[in-house]
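The values are calculated or read from the model by the stated rules, or taken from the named source; none is laboratory data. Quantities reported herein were computed from a predicted structural model and do not represent experimental measurements. A quick note on method: Cβ atoms are made from the backbone with ideal geometry, for glycine too, and the neighbour counts reach across all protein chains shown. Just so you know, the surface numbers come from the protein's heavy atoms only, side chains and all, with ligands and any DNA or RNA stripped out. Shrake-Rupley method; radii C 1.70, N 1.55, O 1.52, S 1.80 Å.
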Amino acid sequence: MHRIVPVDGPLHLRHTLSPLRRGRFDPTTRFEGPVFWRALRTPDGSATTRMTPAPGGITVSAWGPGAGWVLEAAPRLTGAADHDWEVVPHHPIVADLQRRMPGIRFPSWPTVIDILVPTVLEQKVVARTARDAYRRLVLRLGERAPGPAKLWLPPDPQDLAGLPYYEFHPYGVEQRRAGIIRFACSRSRRLEETVGMSGEEARKRLEAIPGIGRWTSAEIARIAWGDGDAVSVNDFHLPHTVSWALAGEARGTDERMLQLLEPYVNKRARVVRLIEAAGIAAPKFGPRQAIQRFSHF
């Protein structure tokens with residue numbers, strides 16, 4: 001099954017969808033040049049989708065029981081339904097980035113649990129460690145996705161909810177993060193309902209889960225709901241990155257980051273995404289953040 005999704009204006013598919021991929025070895029997601037592949041669990045069942053840039057739009061193909069759901073949701077999934085992607089620049093760097101990388105849009109992937117699990121794994125640990133844990137969990141608990149891509153489906157939420165916390169230990173996941181994942185997955189239906197809510201109401205429901213705070217809910221809001229204003233506070237690197245990009249300051253705080261982003265209220269996450277897509281990073285001083293390997297404890 002396939003359809004062509006028309007796009008009004010530029011759409012950079014790789015920059016738009018790359019936040020969905022959790023590292024180069026994510027078994028659920030793959031890029032082949034500009035072509036994007038993703039395995040997911042939909043309300044209608046498992047599916048694999050392939051998204052390919054085409055003249056005037058995006059060709060979306062899908063396999064599996066959830067293929068119809070994917071094709072119906074394709075405008076949101078590709079970012080084509082995001083018509084508010086342009087930012088009025090208040091800094092020269094933002095103007096330059098938008099000129100060089102037009103069409104970075106915010107898709108909406110309402111498969112909340114598929115987004116939540118790898119996001120929780122990234123709480124307060126080095127990204128490489130979290131992505132390795134996610135890859136190993138997928139290969140242990142997931143299953144082969146339909147279609148020709150040989151991808152893996154994310155673990156079924158009910159399987160994760162029923163997994164004892166100590167079963168997460170070999171993957172480098174300590175009891176706290178394991179508990180958050182298990183609790184959230186046990187309430188997966190309630191979380192999927194956030195797709196139809198307002199941003200504030202949805203964030204409140206997410207943050208009612210013990211262990212999910214402003215950073216985690218902002219990360220989920222950008223990908224699951226396409227929230228173009230969700231800024232991740234309490235991030236290890238982001239305040240430095242934003243401060244360096246917008247003010248030439250090598251070190252920043254959450255307060256300074258939000259101050260610099262103030263002119264872009266309602267589109268602050270879009271500015272952050274432009275900076276990230278450009279690969280801008282603040283200078284590094286001192287030792288790197290230590291990698292904690294809980295599986296060795």
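Given axes a ≥ b ≥ c from the Cα gyration tensor, I'd like to know whether the stretch 168-295 is rounded (a/c under 1.5), prolate (a/b larger than b/c) or oblate. The shape class here is oblate. For the set 165, 134, the ranking by accessible area, highest first and with no ligand, DNA or RNA atoms included, is 165, 134 under a 1.4 Å probe. By the rule of a C-alpha distance below 24 Å, with chain neighbours fewer than 8 residues away ignored, the lysines paired with residue 284 are 124. Dipole magnitude for the chain: about 860 debye, using +1 per Lys or Arg Cβ and -1 per Asp or Glu Cβ, origin at the Cα centre. Under the classification rounded if a/c is under 1.5, otherwise prolate if a/b is larger than b/c and oblate if not, where does the stretch 112-248 fall, given a ≥ b ≥ c as square roots of the Cα gyration tensor eigenvalues? In terms of gyration-tensor shape, prolate. Exposure check, 1.4 Å probe, all protein chains in place: residue 167 carries approximately 60 Å² of accessible surface. Taking the square roots of 5 times each eigenvalue of the Cα gyration tensor of the stretch 1-160, largest first, gives ellipsoid semi-axes of 27, 21, 13 Å. Accessible area of residue 46 (1.4 Å probe, protein heavy atoms only, ligands and nucleic acids ignored): about 30 Å². For the chain, the mean residue ellipticity at 222 nm estimated from helices alone is -11500 deg cm²/dmol, where every DSSP H run of n ≥ 4 contributes -39500 (n - 2.57) and the total is divided by all residues, rounded to the nearest 500. Heavy-atom accessible area with a 1.4 Å probe sorts 122, 255, largest first, into 255, 122.
Normalised by residue number, the volume inside the convex hull of the Cα atoms of the stretch 125-189 is 91 Å³ per residue. Averaging 1/r over every pair of different alpha carbons in the stretch 172-215 and inverting the result gives a Kirkwood radius of 11.1 Å. Any chance you could run the full-extension gain for residue 126 through residue 32? It's 0.36 nm times the residue separation minus the Cα-Cα distance, nm to one decimal. The span from residue 126 to residue 32 would gain 31.2 nm if fully extended. For the stretch 248-264, 3J(HN,Hα) computed residue by residue from phi via the Karplus equation (6.51, -1.76, 1.60; θ = phi - 60°) reads x, 9, 6, 10, x, 10, 4, 5, 5, 4, 5, 5, 5, 8, 3, x, 10 Hz, glycine and proline entered as x. Computed with every protein chain present, the accessible area of residue 275 is close to 0 Å² [probe 1.4 Å].
Dividing the convex hull volume of the alpha-carbon atoms in the chain by its residue count gives 127 Å³ per residue. Close amide-amide hydrogen proximity is noted between residue 42 and 47, each under 5 Å apart and 5 or more residues distant or on a separate chain (H modeled in the peptide plane; Pro and chain starts excluded). Which of rounded, prolate, oblate describes the stretch 1-78, given a ≥ b ≥ c as roots of the alpha-carbon gyration tensor eigenvalues and a/c under 1.5 marking rounded, otherwise prolate only if a/b is larger than b/c? Oblate, since a/c reaches 1.5 and b/c is not below a/b.
Of the chymotrypsin sites (Phe, Trp or Tyr not before Pro) found in the stretch 212-241, those that fall in a DSSP loop while having at most 15 other beta-carbon atoms within 10 Å are 236.
Relative contact order, whole percent, for the chain stands at 18, derived from Cα pairs under 8 Å and 6 or more residues apart.
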